[in-house]
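*Asks:* Structure provided below as structure tokens; questions to follow.
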Amino acid sequence: MTALERSWFEEAQQSMHGWDFSHLAGRWQTADLPWDYAALVREHLSADDRWLDIDTGGGELMGHFNHQPALTAVTEGWQPNIELLKQTVVKKGITLYPDAAEQLTAVPNSTFDIVTNSHGAMPVKRIAEVLKPGGRFVTQQVGATNNYALSRFFDEHYEPAYPDNQLLTVMAQMQAAGFEILRAEQAYAALSFTDVGAIVYYATVIPWEFPHFDVARMLPKLHQLQSLLAINGRVTTFEDRFMIIARKLARRD
């Protein structure tokens, strides 16, 4: 086994805490989207809002907004992240709703002024139920075809894990659930890796896009990527993203 191959096996053994890709710093680059999700949240999040952040990961993004803990709640379904949140945000006074089924089952209805969702599950009907009438929903989603070319490169039989997570489909679901769509956009952003080890790490921690990824089995493919990377110094795929801002309409009896 070569030193390069050993480095790939080592990358596959790395673990990630929360939703933190700092391990890839300087080894990947994503083109800017035509919107700024954090700016959208700040635009719609008022200081006295009761706020729910869905699938918060380790709370990394949520923490940047410095909202009052007593008015902040989060959901998370992955047990390692739940344990992390108990030791971090919960101790600050933020409410945590463990949500393994990703259906907001424990979240009380008609409670929140704003719900945010960055790359999380989308139980649209339940999101409408937990919002107060007039409440806002801000989301940025990973579309069905995210990294499709790279996923198919590793597995010619790959099909998207969430084929219905598309802008048009989700917009229709939201209208049916009683939302008024205020803004909606979709974009594709180039995602470039500057070394194959970074791709190995990425594929390992996102198994729904790279199912059954195994370094030993993928060695021929990884060597192909290494030769392709030598051509222009990077391997590029495309991220599929869409955003929606919506308001829950008041009930018409």
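The values are calculated or read from the model by the stated rules, or taken from the named source; none is laboratory data. Everything quoted here is computed from the prediction, not taken from an experiment. Backbone-built Cβ (ideal geometry, glycine too); neighbour counts: all protein chains shown. Just the protein is used for accessible areas: all its heavy atoms, side chains included, with ligands, DNA and RNA removed. Shrake-Rupley method; radii C 1.70, N 1.55, O 1.52, S 1.80 Å.
*Asks:* State whether one or more residues within segment 104-112 are in contact with a strand residue (DSSP E or B) (Cβ under 7 Å, 6 or more places away or on another chain) and in a strand (DSSP E or B).
*Replies:* yes
*Asks:* Could you list, in sequence order, all residues of segment 194-253 that are basic (Lys, Arg) and surrounded by 13 or more Cβ atoms within 10 Å (Cβ to Cβ)? Break it down into steps so the answer makes sense when it comes.
*Replies:* Pass one, segment 194-253, residues basic (Lys, Arg): 217, 221, 234, 241, 247-248, 251-252.
Scanning segment 194-253 gives LYS221, ARG234, ARG241, ARG247, LYS248.
*Asks:* If you scan segment 84-109, which residues turn out to be over 19 Å from ASN165 (Cβ atoms) and open to solvent by 70 Å² or more (accessible area, probe 1.4 Å)? Working first, answer last.
*Replies:* We begin by selecting, within segment 84-109, every residue over 19 Å from ASN165 (Cβ atoms); these are 84-98, 100, 105-109.
LYS86, GLN87, LYS91, LYS92, PRO98, ALA100, THR105, ASN109, listed by residue number.
*Asks:* In addition: Which condition does THR2 not pass, out of (1) modelled with pLDDT of 90 or more; (2) within 29 Å of ILE245 (Cβ to Cβ), if it passes all the others?
*Replies:* Of everything listed in (1) modelled with pLDDT of 90 or more; (2) within 29 Å of ILE245 (Cβ to Cβ), THR2 misses just condition (2).
*Asks:* On the given criteria, is ARG126 in a strand (DSSP E or B), modelled with pLDDT of 95 or more, open to solvent by 20 Å² or more (accessible area, probe 1.4 Å) and not aliphatic (A, V, I, L, M)?
*Replies:* Values: in a strand (DSSP E or B): no; modelled with pLDDT of 95 or more: yes; open to solvent by 20 Å² or more (accessible area, probe 1.4 Å): yes; not aliphatic (A, V, I, L, M): yes.
So ARG126 does not fit the description; no.
*Asks:* Search segment 27-56 for residues that are open to solvent by less than 20 Å² (accessible area, probe 1.4 Å) and pair each with any residue that is in a loop (DSSP other than H, G, I, E, B) and of a type in the set (Asp, Glu) when their beta-carbon atoms are under 9 Å apart and the residues are at least 6 apart or on different chains.
*Replies:* The qualifying pairs are ILE54/ASP99; ILE54/GLU102.
*Asks:* Scanning segment 133-157 for residues that are surrounded by fewer than 17 Cβ atoms within 10 Å (Cβ to Cβ) and on the phi < 0 side of the Ramachandran plot, which turns out farthest from the chain's Cα centre (by Cα)?
*Replies:* At the first step, the residues of segment 133-157 found to be surrounded by fewer than 17 Cβ atoms within 10 Å (Cβ to Cβ) are 133-134, 145, 149, 152, 155-157.
Remaining after also requiring on the phi < 0 side of the Ramachandran plot: 133, 145, 149, 152, 155-157.
Numbers: PRO133: 26, THR145: 14, ALA149: 19, ARG152: 20, ASP155: 22, GLU156: 24, HIS157: 24 Å.
The selected residue is PRO133.
*Asks:* Here is a follow-up. Starting from segment 164-191, keep only residues that are more than 30 Å from TYR202 (Cα to Cα) and open to solvent by 60 Å² or more (accessible area, probe 1.4 Å), then list their pairs with residues that are among the β-branched types (Val, Ile, Thr) and in a helix (DSSP H, G or I) whose Cβ atoms are within a distance under 6 Å, requiring at least 6 positions of separation or different chains.
*Replies:* Taking only residues 6 or more apart or on different chains, the pairs are GLN173/VAL124.
*Asks:* I've got another one for you. Does segment 1-31 hold any residues that are farther than 21 Å from ILE206 by Cβ and of a type outside the set (S, T, N, Q), and which are they? Steps first, answer last, please.
*Replies:* First, the residues of segment 1-31 that are farther than 21 Å from ILE206 by Cβ: 1-6.
Across segment 1-31, the qualifying residues are MET1, ALA3, LEU4, GLU5, ARG6.
*Asks:* Hey, another quick one. Touching an Asp or Glu at 6+ places or on another chain (Cβ under 6 Å) and outside any helix (DSSP H, G or I): is that true of ARG247 in this structure? Break it down into steps so the answer makes sense when it comes.
*Replies:* Values: touching an Asp or Glu at 6+ places or on another chain (Cβ under 6 Å): yes; outside any helix (DSSP H, G or I): yes.
For ARG247, the condition - touching an Asp or Glu at 6+ places or on another chain (Cβ under 6 Å) and outside any helix (DSSP H, G or I) - is met.
*Asks:* Could you figure out which of (1) assigned to a loop (DSSP other than H, G, I, E, B); (2) acidic (Asp, Glu); (3) open to solvent by less than 30 Å² (accessible area, probe 1.4 Å) isn't true of GLU11?
*Replies:* The single condition GLU11 does not satisfy is (1).
*Asks:* Would segment 62-83 turn up any residue that is without any contact (Cβ under 8 Å) to a residue 40 or more places away in the chain, touching a Ser or Thr at 6+ places or on another chain (Cβ under 9 Å) and open to solvent by 70 Å² or more (accessible area, probe 1.4 Å)?
*Replies:* yes
*Asks:* Report, by residue number, each residue of segment 14-26 that is of a type in the set (Gly, Ala, Ser), open to solvent by 40 Å² or more (accessible area, probe 1.4 Å) and over 19 Å from THR194 (Cα atoms). Explain how you work it out, then say what you get.
*Replies:* Taking segment 14-26 first, the residues of a type in the set (Gly, Ala, Ser) are 15, 18, 22, 25-26.
Remaining after also requiring open to solvent by 40 Å² or more (accessible area, probe 1.4 Å): 15, 22, 25-26.
Across segment 14-26, the qualifying residue is only SER15.
*Asks:* Could you count how many residues in segment 220-241 are aliphatic (A, V, I, L, M) and either touching a His at 6+ places or on another chain (Cβ under 7 Å) or not in a helix (DSSP H, G or I) (or both)? So that I can check it myself, show each step before the final result.
*Replies:* Keep residues of segment 220-241 that are aliphatic (A, V, I, L, M), which gives 222, 225, 228-231, 235.
Imposing the further condition that a residue be either touching a His at 6+ places or on another chain (Cβ under 7 Å) or not in a helix (DSSP H, G or I) (or both) reduces the set to 235.
Final tally of qualifying residues: 1.
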